[in-house]
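The values are calculated or read from the model by the stated rules, or taken from the named source; none is laboratory data. Just so it is clear, the model here is predicted, and its values are computed rather than measured. Note that each Cβ is placed from the backbone with ideal geometry, even for glycine, and that neighbours are counted across all protein chains shown. Please note that ligands, DNA and RNA were not included when accessible areas were found on the heavy atoms of the full protein model with its side chains. Shrake-Rupley method; radii C 1.70, N 1.55, O 1.52, S 1.80 Å.
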Amino acid sequence: MGSIGSAQDLLSEGYDVRLLARKERLRAEKTLETLEEYEDNIIQLPIRVEKVKENLSEVIIGAKEKLESQHTKLAEMIERRLKDNEQLLKKNKREIDDREKQEVSELEEQRKREIEAAVKEINDKFDKLIGELRVKNQDLRNCQKTLRDERDGRMNKGIVLVDREFRKLESSVDEQGIQHREELEKISCEAANRKTRYSNFRSTISSILASKDNWTEAQCLPDISKASDILVQDVKKNVPQLESLKQIEAGDLTATMGGIVRIAEEPESVVEIEGVETQAWNVTDMKYIDSDIIVITGDVDSEHTHITAINRKGRIISKNHIKQKTEDIDGTVSRACSPLNLFSLVTTCENGELGIFNIHNRSHIRKHMNDIVSDWGDKKQVFNVAIDQINRNVYIGTDSRDVFVLNDMLDHRHTLQLPQCIQVSTDIVVHDDDLIVCDFASEGAYIVTREGPEAELVCKLPKPDNGGGNCSPCRVCTDCNGFIYIIWAREISDQGRDILTQYSPDGHNLLVTKDVEGDVFGMDTVLTDGSEKLILVTIDGKLYTYGLAMK
């Protein structure tokens, strides 16, 4: 009551009560005007808080639904890959069995033809050969099972990681929801308190002012005004965290699949392929067949191409020169290839020739796109070939937006048209249910769907930084974990150095960018000794091997 005492002292000292009342009235009216100016904040804040509470519940539900959807899709994808691995193992085992039967039959026939001359010697010889053959093929079966088991192990590890991360992210969403609700409850209580204080102040001061009693105003208004200063400060305050409280950081399950594969900084080995430099033939493509067989293709001269099997040390296992048909020669005979099974591969030439080549018995079934596709024409070129090992689809990339889909006997199934952003398919590879397309002409790399007559764009892969210069993708492959590798050729040669990039399996994240020596014309991954390697081959026949390590 210090203020009232002071007012009475003033009055007792002769101050004019009307003057004092007028002064206090003005002060009270000014305070009331200020509070009325922020009346909307006082009244609307509780309403806004309730709306945010409602929105928060919807956001939490949406976040959980998103996580649940991602979890379901990833689980389905892993289950599909496990089934694909099982199918691939069965397919390869059937091929080994069929090949074994054929070779055993051939050996038996040979034994019969020679049995009259050397019965005992021939029986011993061929029994031994059959035994060695079966041991060799059993080794191949064991190798395929080991590869399947390794892939399954990685997929099962992925399931554990996804489930663990799902529970972690779901718990995080719940914790955030609790924290946000608690914070909103505090704000709601504070807002209700402000509203009550404001109502009390307005009611009290309106009653005093309505009384028009100078004595009451002079006695009461000073204390009320002093108390209202704190209220004025409170109602002027904004609540900046209110908007953020309706947001939930849900995280992303897709980033947890299988860890990260790291490329070694330096190549484990660099070898020169036997005969490339001395015999003046070159390499235009390369594919891995099994643990110690790599097939390289290229041209020898204007009339001949080659299909050559080498080991990882660059030693030639077999080399086959293929003479082009006279009517096919148009000055370009570069050859590409892709494994069809453990023993055969599909090869293509830019002039439209296709073939199935058996690397063991060297048989070669040859066709031409004119015989396969009715509207092929005279000017189209074939750039590459990719194969879906599970569904046995053969994808033929061309110098247009058309990708021709064939069966494993090279019969036409249908034509897939790429999105308009793509001009040509310089190189393609099957990636789960999609295709990865390198387009040298548009200087871009893309992931597209491969179902139906028209492919849809899934994403465009980020382009590496080339110091302001242009670069174009020319080769692509993937590893067992789905990570993507692309070779980019610089528009202006940097002393024969191309760019190697690595991307996340979904293609959205550029993980690694590094320079590699030489003009790379072939790239693939190889599983050997329980680990995976990235192999690059240059046009002049150098083989670079980089280690790939799971982190």
Considering (1) at negative phi; (2) at pLDDT 75 or above; (3) of a type outside the set (Val, Ile, Thr), say which one GLN279 fails and leave the rest. (2)
Can you find a residue in region 486-495 that is outside any strand (DSSP E or B), open to solvent by less than 30 Å² (accessible area, probe 1.4 Å) and either of a type outside the set (Val, Ile, Thr) or farther than 23 Å from LEU457 by Cβ (or both)? no
For ARG202, indicate whether it is under 16 Å from THR34 (Cα atoms) and free of Cβ contacts under 8 Å to residues at least 40 places away in the same chain. no
Could you grab the pairs with beta carbons closer than 9 Å, sequence gap of 6+ or different chains, first residue in region 125-140 and more than 20 Å from ILE115 (Cβ to Cβ) and open to solvent by 90 Å² or more (accessible area, probe 1.4 Å), second one of a type in the set (A, V, I, L, M) and modelled with pLDDT of 80 or more? ARG134/VAL104
Residue check, GLU274 against (1) at pLDDT below 85; (2) assigned to a loop (DSSP other than H, G, I, E, B), all met but one. Which one? (1)
Please go through (1) open to solvent by 10 Å² or more (accessible area, probe 1.4 Å); (2) modelled with pLDDT of 95 or more for LEU418 and return the number of the only condition it doesn't satisfy. (1)
Just to be sure before I move on: is ARG362 assigned to a strand (DSSP E or B), open to solvent by 40 Å² or more (accessible area, probe 1.4 Å), over 21 Å from SER504 (Cβ atoms) and at pLDDT below 95 in the structure I sent? no
Please list, ordered by first then second residue, the pairs with beta carbon atoms under 6 Å, 6 or more apart or interchain, first in region 176-191 and farther than 11 Å from VAL52 by Cβ, second open to solvent by 30 Å² or more (accessible area, probe 1.4 Å) and not basic (Lys, Arg). ALA191/PRO46
Report, by residue number, each residue of region 345-359 that is surrounded by 18 or more Cβ atoms within 10 Å (Cβ to Cβ) and part of a strand (DSSP E or B). LEU345, VAL346, THR347, THR348, CYS349, GLU353, LEU354, GLY355, ILE356, PHE357
Does at least one position in region 10-21 carry a residue that is in a helix (DSSP H, G or I), of a type in the set (Gly, Ala, Ser) and at pLDDT 80 or above? yes
Given (1) closer than 20 Å to PHE440 by Cβ; (2) of a type in the set (Ser, Thr, Tyr); (3) at pLDDT below 90, index of the condition TYR485 fails: (3)
Residues of region 530-540 being in contact with a strand residue (DSSP E or B) (Cβ under 6 Å, 6 or more places away or on another chain) and open to solvent by less than 50 Å² (accessible area, probe 1.4 Å), in sequence order, are GLU532, LYS533, LEU534, ILE535, LEU536, VAL537, THR538
Could you please let me know if CYS459 is within 24 Å of PRO339 (Cα to Cα) and in contact (Cβ under 8 Å) with a residue 12 or more places away in the chain? no
Based on what the data block shows, is GLU39 loosely packed, with under 12 Cβ neighbours inside 10 Å and modelled with pLDDT under 85? no
When you scan region 371-391, how many residues do you find that are more than 28 Å from ASP292 (Cα to Cα), open to solvent by less than 80 Å² (accessible area, probe 1.4 Å) and either within 36 Å of the chain's Cα centre (by Cα) or modelled with pLDDT of 90 or more (or both)? 6
Could you list all residues from region 467-484 that are buried (at least 16 other Cβ atoms within 10 Å of the Cβ) and free of Cβ contacts under 8 Å to residues at least 60 places away in the same chain? CYS471, SER472, PRO473, CYS474, ARG475, VAL476, CYS477, THR478, ILE484
Taking interchain pairs and intrachain pairs at least six residues apart, which have beta carbon atoms under 8 angstrom, with the first residue in region 59-71 and free of Cβ contacts under 8 Å to residues at least 12 places away in the same chain and the second surrounded by 13 or more Cβ atoms within 10 Å (Cβ to Cβ)? none
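Per-residue answers, yes or no, for (1) within 19 Å of the chain's Cα centre (by Cα); (2) within 23 Å of PHE383 (Cα to Cα); (3) among the acidic types (Asp, Glu):
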{"position": "SER442", "(1), (2), (3)": "no, yes, no"}
{"position": "GLY452", "(1), (2), (3)": "no, yes, no"}
{"position": "ASN470", "(1), (2), (3)": "no, yes, no"}
{"position": "ILE492", "(1), (2), (3)": "no, yes, no"}
{"position": "LEU500", "(1), (2), (3)": "yes, yes, no"}
{"position": "ASN509", "(1), (2), (3)": "yes, no, no"}
{"position": "THR513", "(1), (2), (3)": "yes, no, no"}
{"position": "ASP524", "(1), (2), (3)": "yes, yes, yes"}
Can you find, within region 455-466, the residue that is farthest from VAL430 (Cα to Cα) among those that are open to solvent by 90 Å² or more (accessible area, probe 1.4 Å) and either assigned to a loop (DSSP other than H, G, I, E, B) or out of contact with any strand residue (DSSP E or B) (no Cβ under 7 Å at 6 or more places or on another chain) (or both)? ASP465
Could you tell me which numbered condition LEU527 fails, if it satisfies all but one of (1) in contact with a strand residue (DSSP E or B) (Cβ under 7 Å, 6 or more places away or on another chain); (2) part of a strand (DSSP E or B)? (1)
Is there a residue in region 511-527 that is touching a residue at least 60 places away in the same chain (Cβ under 8 Å), over 25 Å from ASP299 (Cα atoms) and surrounded by 21 or more Cβ atoms within 10 Å (Cβ to Cβ)? no
Looking at region 77-86, is at least one residue touching a Ser or Thr at 6+ places or on another chain (Cβ under 6 Å), open to solvent by less than 60 Å² (accessible area, probe 1.4 Å) and either at pLDDT below 85 or within 30 Å of ARG134 (Cα to Cα) (or both)? no
Under the condition of being at pLDDT below 95 and among the hydrophobic types (A, V, I, L, M, F, W, C), which residue from region 433-454 is surrounded by the fewest Cβ atoms within 10 Å (Cβ to Cβ)? ALA441
